[in-house]
Amino acid sequence: MSKGNHLTALTIIKSVHLSRDAVYFSMVGTISVYFGIDLANSLLWILLLDLAPFVLLWVMKPTWESLVYVWAALMSILLPFYFSLYIGNTPITASIIVIILLSICELLTIIKIGYDILRNQVRSWTSEAE
């Protein structure tokens, strides 16, 4: 993957992740109104877990890069299912739909990065074999 494509993919991941965390934060506020502050406290800890890879993307070390991608992908898959427990409430349902769409964007970007890395690795193997 070229340097420009890689930086574009990282920018997409950072912006989508930050947008998703903003929606999560507003949803935690809505849940605290409807379900009480105790549930909101536990959801804030989950939100901090989701925010951790975003922070690691800003302090990007080459050795952490694959860990950040795996962590962000896992949170993109797991968190919409966790928050879907509250789907009966209309304002929360709208937030969940936005979260699912942002998670899909992030997962597609991570898959594209993985595909490009794998394609470059195969190219290097074939060039070494020649």
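The values are calculated or read from the model by the stated rules, or taken from the named source; none is laboratory data. None of the values given here were measured: they were computed from a predicted structure. Cβ sites come from the backbone with ideal geometry, for glycine too, and all protein chains shown count toward neighbours.
For (1) touching a residue at least 24 places away in the same chain (Cβ under 8 Å); (2) within 19 Å of residue 10 (Cα to Cα); (3) crowded, with 16+ Cβ neighbours inside 10 Å, each residue gets a yes or a no:
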residue	(1), (2), (3)
23	yes, no, yes
41	no, no, no
48	no, no, no
78	no, no, no
82	yes, no, no
96	yes, no, yes
101	no, yes, no
110	yes, yes, yes
125	no, no, no
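For residue 41, the conditions (1) over 23 Å from residue 101 (Cβ atoms); (2) modelled with pLDDT under 80 are fulfilled apart from (2). The single condition among (1) more than 30 Å from residue 8 (Cα to Cα); (2) surrounded by 14 or more Cβ atoms within 10 Å (Cβ to Cβ) that residue 33 does not satisfy is (2). Name the single residue that is modelled with the lowest pLDDT among those in segment 54-73 being more than 15 Å from residue 110 (Cβ to Cβ) and in a helix (DSSP H, G or I). Here the residue is 58.
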